[in-house]
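Working notes, structure below.
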Amino acid sequence: MTEILKLDDGEQLDFDRATVEQAYDRWAPVYDFVFGGVFSKGRKAAIQATGRVGGRVLEVGVGTGISLPQYAPHLRIFGTDISEAMLRKAKRRVKALGLKNVEDLAVMDAEKLEFPDNSFDVVMAQYVVTAVPNPEAALDEFSRVLRPGGELIILTRISADAGLRRFIERRLQPVVRPLGFRTAEFTWSRYAQWLATTGAMGLVENRPIPPLGHFSLLRIRKTAIAAAA
Ligand SMILES: C[S@@+](CC[C@H](N)C(=O)[O-])C[C@H]1O[C@@H](n2cnc3c(N)ncnc32)[C@H](O)[C@@H]1O
């Protein structure tokens, strides 16, 4: 199904699951080579944050499993992705490295997670939210499967709200969309609005992350009060 997305000023762009799936099936053979180094500092920071909470971790959009070897051995990791080709690489990595803390890897849409409520201590989404057709639907799912007191850890690109960077990001948007990327339509105000409407999630940290400081590490905690209501 094609989702029509609106930029803040009302311009519309289509971005659907099939496009993203195909894009990442194509990226799979070269993904680690192209995106391994450039995102490594962000991934390291996100994994460190995970260690503080511990327990069972859901990594959504686990891709080729590039982060999996970095998790502490006492954690249990369940990885999901919509691209079978990316997951095949992740499975090979787990086998080759003998990673015992990886519980399972499964094809699953971030917008429709097949887990009961409150299943995980941590939900991790590294460079994924902007790839999902309906990011708010995915964020709602992350919140649902997280236990009260657990943390949602998001590494993401935050689009500019205004100025030259916003102008450039908007011009780049149609070019990068077939590659499975979005540059323009996920500004901080969109996260802030989601946080305000959910009522169940509170921002703990918003830390700029290299490269270029256009990326952020967000730590968002599920409040026990909202979950019990
Ligand atoms: C930019 S890659 C990030 C991969 C990995 N997390 C990393 O840090 O390199 C985005 C990943 O999200 C996956 N993805 C995109 N849309 C998704 C969705 N709706 N549900 C689950 N995974 C999705 C893609 O297949 C891809 O593996």
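The values are calculated or read from the model by the stated rules, or taken from the named source; none is laboratory data. The structure presented is a predicted model; accordingly, all values stated were derived computationally and were not measured. FYI the Cβ positions are ideal-geometry reconstructions off the backbone, even for glycines, and counts take in every protein chain you see. Calculation scope for accessible area: heavy atoms of the full protein, side chains included, ligands and nucleic acids excluded. Shrake-Rupley method; radii C 1.70, N 1.55, O 1.52, S 1.80 Å.
A few notes on this one:
- For the stretch 69-87, the condition holds for at least one residue, the condition being that it is open to solvent by less than 40 Å² (accessible area, probe 1.4 Å), near the ligand (Cβ under 10 Å from one of its atoms), polar (S, T, N, Q) and closer than 27 Å to Gly149 by Cα.
- Selection status of Leu139, buried (at least 19 other Cβ atoms within 10 Å of the Cβ), over 20 Å from Gly65 (Cα atoms) and touching a strand residue (DSSP E or B) at 6+ places or on another chain (Cβ under 9 Å): yes
- Hits in the stretch 50-68 - residues which are surrounded by fewer than 23 Cβ atoms within 10 Å (Cβ to Cβ) and in a helix (DSSP H, G or I): Gly51, Arg52, Val53, Leu68
- In the stretch 88-127, residue nearest to the ligand (Cβ to nearest atom) [restricted to those that are under 15 Å from Asp25 (Cα atoms) and either crowded, with 23+ Cβ neighbours inside 10 Å or of a type in the set (Asp, Glu) (or both)]: Asp109
- Qualifying position, being outside any loop (DSSP other than H, G, I, E, B) and either at positive phi or modelled with pLDDT under 90 (or both), among Arg190, Arg207: Arg190
- Among residues of the stretch 160-172 that are loosely packed, with under 13 Cβ neighbours inside 10 Å, those with a beta-carbon under 7 Å from a residue that is in a helix (DSSP H, G or I) at least six positions away or on a different chain give the pairs Asp161/Trp188; Asp161/Ser189.
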